[in-house]
Amino acid sequence: MFDLTGQIAVVTGGANGIGKGISETLAKAGAHVMVCDINEEAGKATAEAIGGEFYQLDVTNVVNIEDVVQQIATKHEKIDILAANAGIYPEVYIENMTERDWDTIQNINLKGIFFTAKPILKLMKEQNYGRVILTSSITGDITGYPGGSIYGATKAAILGFMRSTAVEYAKFGVTVNSVQPGMIATEGLKKQLGILSEKGAAAVPMKRLGEPEDIGAAVAFFASKEANYITGQALVIDGGQIIPETPDV
Ligand code: NAD
């Protein structure tokens with residue numbers, strides 16, 4: 001396991017699902033994890049289980065973000081790792097989509113990433129060190145599904161944001177990378193897309209859905225000193241789902 005001893009990590013959407021897996025994995029690697037989530041009950045439980053701290057955070061609320069980042073920076077005097085992961089993926093078909101649906105999805109998935117990263121990048125620049133890992137999706141630039149148009153657009157935008165931010169902050173010792181999960185067994189996947197393990201697993205060459213820890217391991221790698229010279233990159237973690245099979249002709 002990568003050694004993140006003494007590092008301060010912020011994980012958004014850290015209470016449940018992939019964010020919980022990231023929080024647990026970073027904590028196992030030695031980081032002190034700030035579990036930041038809108039869900040107080042689940043966030044407190046996750047933070048307690050890993051010896052971390054909980055901060056109630058709605059990533060759509062810029063004032064709330066700046067306040068939480070300030071509290072963490074004042075208490076710990078640094079933030080080494082940001083895993084900006086909070087996101088939603090409701091199935092919304094184009095002809096049913098309202099402006100409100102558009103705003104809700106964009107605000108959490110894209111605006112939320114930008115305004116969480118902004119004050120933390122400033123701090124990382126001042127400390128001349130930082131590791132930012134953004135949760136995109138294979139739906140960002142590889143796959144698609146009916147009802148996923150705006151979701152896919154936000155996840156593609158995260159990749160664009162990641163590349164330019166990586167270049168902008170490279171000279172300040174800050175790396176910015178992305179993870180692109182395939183189907184990961186979370187409550188979100190079940191509730192928002194109705195994907196159950198057996199059904200989803202059939203579409204994956206490994207014949208299982210991913211586990212949140214599978215994404216956590218990739219985030220720990222990007223956060224580690226071993227990934228020192230890697231920036232602006234996206235890593236697909238999908239059990240082989242995106243590989244087109246050679247037709248059996
Ligand atoms: P999930 O619904 O299981 O968990 C999401 C967490 O984010 C929850 O704890 C929730 O409370 C929190 N959250 C929601 N809105 C928030 C807000 N406004 N502010 C702060 N926290 C908020 O979802 P998941 O499956 O773990 O997905 C996490 C991320 O991974 C998302 O960005 C999603 O797009 C991405 N992703 C998931 C999958 C998958 O198969 N599960 C695949 C690709 C990408």
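The values are calculated or read from the model by the stated rules, or taken from the named source; none is laboratory data. All figures in this text were calculated on a predicted structure; none of them were measured in a lab. Cβ placement follows ideal geometry from the backbone for every residue including glycine, while neighbour counts extend to all protein chains displayed.
Per-structure values
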{"read-out": "Residue among Tyr151, Tyr169 that alone is of a type in the set (Ser, Thr, Tyr), under 22 Å from Ala9 (Cβ atoms) and either touching a Cys at 6+ places or on another chain (Cβ under 7 Å) or not in a loop (DSSP other than H, G, I, E, B) (or both)", "value": "Tyr169"}
{"read-out": "Selection count where residues are surrounded by fewer than 24 Cβ atoms within 10 Å (Cβ to Cβ) and on the phi < 0 side of the Ramachandran plot, scope the stretch 28-45", "value": "10"}
{"read-out": "Residue that is farthest from Met1 (Cα to Cα), among those in the stretch 181-217 that are out of contact with any Gly (no Cβ under 6 Å at 6 or more places or on another chain) and of a type in the set (S, T, N, Q)", "value": "Gln192"}
{"read-out": "Neighbours by Cβ (under 8 Å, 6+ apart or cross-chain): first from the stretch 194-209, closer than 17 Å to Ile138 by Cβ; second among the hydrophobic types (A, V, I, L, M, F, W, C) and part of a helix (DSSP H, G or I)", "value": "Ile195/Leu189; Gly200/Leu189; Arg208/Ala201; Leu209/Leu189; Leu209/Ala201"}
{"read-out": "Any hit, the stretch 118-127, residues being within 14 Å of the ligand (Cβ to nearest atom) and modelled with pLDDT of 95 or more", "value": "no"}
{"read-out": "Test: Phe172 is surrounded by fewer than 23 Cβ atoms within 10 Å (Cβ to Cβ) and within 15 Å of the ligand (Cβ to nearest atom)", "value": "no"}
{"read-out": "Among the candidates Thr25, Thr104, Thr12, residue that is surrounded by fewer than 19 Cβ atoms within 10 Å (Cβ to Cβ), modelled with pLDDT of 95 or more, hydroxyl-bearing (Ser, Thr, Tyr) and under 26 Å from Thr165 (Cα atoms)", "value": "Thr104"}
{"read-out": "Given (1) surrounded by fewer than 20 Cβ atoms within 10 Å (Cβ to Cβ); (2) part of a loop (DSSP other than H, G, I, E, B), number of the condition Phe221 does not satisfy", "value": "(2)"}
{"read-out": "Flag for Glu91 being over 18 Å from the mean Cα position of the chain (by Cα) and closer than 24 Å to Glu211 by Cβ", "value": "yes"}
{"read-out": "Of the criteria (1) surrounded by fewer than 17 Cβ atoms within 10 Å (Cβ to Cβ); (2) touching a strand residue (DSSP E or B) at 6+ places or on another chain (Cβ under 7 Å), which one Lys190 fails", "value": "(2)"}
{"read-out": "Ser164 vs. criteria among the polar types (S, T, N, Q), modelled with pLDDT of 95 or more and outside any strand (DSSP E or B)", "value": "yes"}
